[in-house]
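What follows is calculated from the coordinates using simple rules that are stated; it is not laboratory data. Small disclaimer: the values here were computed from a predicted structure and weren't measured. So basically every Cβ, Gly included, is an ideal-geometry build from the backbone, and we count neighbours across all protein chains shown.
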Amino acid sequence: MWLHILKKDLRLHWPYVAAVIALKVVAVWTILQMGIFADPLQLLSLKALIDLAFAVAAGIAVIVAVQSDPLVSSNDDWLIRPIRRSDLALDKIVFAAFVTLLPTFVFDLGVGLMHRLDALPAIGAAAYAALVTFIGVGLPALAVGTITASWRQAAGIIFVIFLTWIVGSSTINYQTADLSSWPVQLAFQTILVIAEALVLGLQYGRRNTAISRRVFAVATICAVAVMFMPRTTGYQIQHMVDDGKVAATGPIRLSFDDQPNAKVIGKASQYMLSFIFVPLKVVVDPDRIVTINHVDVSIASGDGKPLYRGTILLPSSNPPHQVISILGNTFDGASNGHNPNYQAVNLPRDVFAKLKNAPGRLSLTYQLSAYAPAATTKATLPLGVPQKVAGFGICETRLNPDKAQVVDLYCIPATDSSNCISATVLDLAGASIGAPQTSCSMTSTQWGLNTKALTDPGQFVMDFPATSGAAIRPLTLTTYRIASHFTQTVVVPQVRLTDLTGSTRS
C-alpha cells in the first residue's frame, strides 16, 4: 500500500522533485566546470549557493508531501480510509529519501567516477554524504511536516530556529564547534534520528501533536547546543576518544622569539578588530607535518589575575601591509629557520584599548595534529591533463596564469586518503630539487572517508619552475596519516600589547 501512496505523492508533487533534481544537475555542472582548479573563483560561491538551494528545495518538497496528508487536523479523509498509518509513515520516509539521499548519492558518485577516483572508496564516500544529507535535511523536514498543518506554521517554526541561530552566533564570544569533526556530527545526527523516530511514532501511532511538538522543541535545543559547543570542548572529546589522551608534546616546538629580525608596519587600531603580532620560533621534526586546529589566547596581569580569554581566528590571508611573515596553519621541516614568524592575534577593540599599556602575561595555547608519511610515489604529470596516481588520487599540472615560467600542481586526494600531501621536484637523474612543499586541506576525513574529494576542487600543493619544451620534471608525491594530537602553550611574560603592534621588538 505504501508504494501506491508514494506514486500518488510523486504524481502530485513532481514539480518539487524536478526542481530538486535540476538543482543537483546544475551543481554537477558547476563542479565539472571547476575541474581540478577552482577557476574561476566565482564558481565556488555559485556551488555553495546551489548546495543551499538544493537543501531548501528538498526540505520544501518533503514538507509539502507530508502536509498533503496532514496529521494535525482531524478533518482529513485519510483518517477514515482503510490505510494503515505505518504505510503512510513509510511512504513519507521513502519520499524524503527519494529527494535527499538518492540524488546526493547518484550525482556525487557520478562526479567522483568522472574524476576517476577508485570505485569502492567513492561509493563509500557518496553513501556517507547522502546519509548525512538525509539526516540533516530530510528528517528535520519530516518532523516539521508531521507537527504542522499549514505552510504558515512550518515557516514559523523554521523562522524561530533560524532566529535562534542568528542570535546565538552574534552573542557567543568563542569559536564554536567544528561541525565537520566526528563527535559533533555524531551527536548532532543522533539527536535528529532519535527525535524524528519519536515524532513519527507519536504522530502516526497516536497522533499526539502536543507531545510531538515538545519533543521537537527539546531536540532543537539540544541540536543548537551541540552546534554552539566550544571548539575546544569538541577537540578534547575527539582526541580523548581517538588517542586515549591529548599529548602534551609533539614533533613541533613553538616558542616566543624575543629578538625578531623584522618589524610590523602599522597599528592594530587601524582595523575593526585590533591585531597584535606575536613573533615565534618554529622547529618541526623533518619527517612530520603539523597542522594547527585551534588556538586559544589568554591575558593575565603580573600577579596572575585573569584579564581576558578568547579564541584566535586563523587568518586566511595577511592583513595588508602589516607583516613580513604570518604564522600559517601547516608546518613541516621546511618551516625551520624561517624568521620571523608572527602569530596574528585578533582582540576586541575594547579589550585592546583597556589592556594595551598594562604589562601582563600573554599565553597562546595551540591544539595541533601531527601527520606521518603513509605512502610515497613518483609521477610525471603532463600539463593540463588530470592524471590518476595509483593509491594516491588525481593530480594535474598547469602553467600559472600570472607567471608563464611557473607550473602549479593541484591534487584531489583519494576518498580514503589523508588531506595532507607533500611534493618534491626531481631532476632527470632522480635527485630532489629544493625542499618538499606541503599542503594540508582543512576538511577533515570522516570515518576514514574524505567526502570532499567527490565534489570539491583539488587543493594547491606546490609550484615549481617550468622546463623548456613540453616535458615536465618528475615529482615525488607523499601522503600522510594522522600520527598524534597534542597541545602546546607559548607564554610571553611581561609584555605590553602596544609592544606587539607597531614594532614587535620587546
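The stretch 88-123 and the stretch 1-70 have Cα centres spaced 12 Å apart. A full extension of the chain between residue 118 and residue 460 corresponds to an added length of 121.0 nm, given 0.36 nm per residue minus the alpha carbon distance. Residues whose amide H comes within less than 5 Å of that of residue 417, counting only those at least five positions distant or on another chain, are 450 (H built at 1.01 Å from N in the peptide plane). Volume per residue for the stretch 2-229 equals 140 cubic angstrom (convex hull of Cα atoms).
FRET efficiency for the pair residue 402 and residue 48, taken as 1/(1 + (r/R0)^6) with r the Cβ-Cβ distance and R0 = 25 Å, rounds to 0.50.
Shown for 308, 366: other C-beta atoms within 10 Å of each C-beta, ranked fewest to most, produce the order 308, 366.
Cα-Cα over 30 Å: which of 281/378; 47/403; 281/388; 8/452; 378/452? Walk me through the numbers before you get to the answer.
Details: 281/378 33 Å; 47/403 28 Å; 281/388 38 Å; 8/452 36 Å; 378/452 24 Å.
Long pairs (Cα-Cα over 30 Å): 281/378; 281/388; 8/452.
Arranged from fewest to most other beta-carbon atoms within 10 Å of their beta carbon, 222, 395 become 222, 395.
Between residue 151 and residue 197, the FRET efficiency estimated from the beta carbon spacing at R0 = 30 angstrom works out to 0.75. The spread of Cα positions in the stretch 373-482, taken along each principal axis and listed from longest to shortest, comes to 44, 28, 20 Å.
Which whole-angstrom value gives the distance between the alpha carbon centres of the stretch 391-447 and the stretch 358-388? For the stretch 391-447 versus the stretch 358-388, the Cα centre distance is 11 Å.
Give me the percent of DSSP beta bridges within the stretch 373-482 that run antiparallel, rounded to the nearest 5. Working shown, then result.
Details: 34 of 35 bridges.
Of all bridge pairs located within the stretch 373-482, approximately 95 percent are antiparallel.
Listed by Cβ neighbour count within 10 Å, with the fewest neighbours leading, 369, 86 appear as 86, 369.
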